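In what follows, a structure is listed as structure tokens, so that the remarks can point back to it.
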Amino acid sequence: YGEKGVLALFSDSTNSYNSEPTPSETTVAPALDRVFYRAEGRVILSTFSSNIHRVQQAIQYGVKYGRKVCVIGRSMERNIEIAMQYDYVKFPKSIFVEPEQVAHMSDKDVLIVTTGSQGEPSSALFRMSMGEHRHVKIKPNDLVVLSSRAIHGNDGSISGMLNNLQRAGAKVSHDKDIHASGHASIEEQKLMLRPVNPKFFLPVHGEYNHVMAHKETGMMCGVPERNIHIMNG
């Protein structure tokens, strides 16, 4: 495409300060395996509902260790349903259970995949942490796994949620090795800019300071400053 000529490139700016290469999504697999191997009670895993590959990996390891899967949260339910409908992921329907069944199952047999990794007050995990979820009450032997990174500005709400989960007795795991960013680092941004060689460049996604840092990378890769457009919104 670069040889044919690209009019404009829109490129993700979220990791514009990160000089380290972004690890592959496959690097998360061994860490998830260890999580399920060591878990003594229920595993409640929360990640971005849009990250279908991460959700798929979690379900695969849950099934490997003999757990049934309960999906909670509207966006998570919808995304998995669509992914299965179009064969992006393939799981037998027999591995899934409804939220109301969880209370009647052995803890070792349960994996709950849910929304709320960013501490959103209306999310399923946040309501669990507050003791307000209709079907799931946090137990002392629960392991809550946050397979995500805190988005800028969400640190306070995530910390409050973690406090509540631990007050309820749950163990919480949010180690770096159970998450890989979905965003390109500086060197990967360069790998996109140089071969594509766009006439116009629009750095997008992330806060204003990330976009501006990406602009500098664009200029470093030969895009004239006058051809780099910063969108306000």
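Filter segment 185-228 for residues that are in contact (Cβ under 8 Å) with a residue 24 or more places away in the chain, in a helix (DSSP H, G or I) and open to solvent by less than 40 Å² (accessible area, probe 1.4 Å) and give the result.
Ile186, Gln189, Lys190, Leu193, Val196, His210, Val211, Ala213, His214, Thr217, Gly218, Asn227
I need the full set of residues from segment 37-87 which are among the β-branched types (Val, Ile, Thr) and open to solvent by 40 Å² or more (accessible area, probe 1.4 Å), in order please.
Result: Ile52, Val63, Ile82.
Can you give me the number of residues within segment 208-227 that are farther than 16 Å from His183 by Cα and among the small types (Gly, Ala, Ser)?
Qualifying residue count for the region: 2.
Can you name the residue in segment 157-184 that is over 19 Å from Lys139 (Cα atoms), among the small types (Gly, Ala, Ser) and not in a helix (DSSP H, G or I) and, of all such residues, is least open to solvent (accessible area, probe 1.4 Å)?
Ranking the qualifying residues of segment 157-184, first place goes to Ala180.
Quick check on this structure: which one of Ser117, Ser129 is under 18 Å from Ala170 (Cβ atoms), touching a helix residue (DSSP H, G or I) at 6+ places or on another chain (Cβ under 8 Å) and at pLDDT below 95? Lay out the reasoning, then the answer.
Details: Ser129 fails: at pLDDT below 95.
Unique residue meeting the criteria: Ser117.
Listed here are the residues, each with its yes/no results for (1) within 26 Å of Glu120 (Cβ to Cβ); (2) at pLDDT 95 or above; (3) small (Gly, Ala, Ser); (4) not in a helix (DSSP H, G or I).
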position	(1), (2), (3), (4)
Glu40	no, no, no, yes
Ser49	yes, no, yes, yes
Gln57	yes, no, no, no
Gly62	yes, yes, yes, no
Asn79	yes, yes, no, no
Ile82	yes, yes, no, no
Tyr88	yes, no, no, yes
Ser94	no, yes, yes, no
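Name the pairs: first residue in segment 76-88 and under 13 Å from Asn51 (Cα atoms) and of a type in the set (Asp, Glu), second residue open to solvent by less than 40 Å² (accessible area, probe 1.4 Å) and not in a helix (DSSP H, G or I), Cβ to Cβ under 7 Å, at least 6 apart or on different chains?
Glu77/Val71
The values are calculated or read from the model by the stated rules, or taken from the named source; none is laboratory data. Fair warning: this is a prediction, and the values are worked out from it, not measured in the lab. Backbone-built Cβ (ideal geometry, glycine too); neighbour counts: all protein chains shown. We work out accessible area using only protein heavy atoms, side chains counted, and drop any ligands, DNA or RNA first. Shrake-Rupley method; radii C 1.70, N 1.55, O 1.52, S 1.80 Å.
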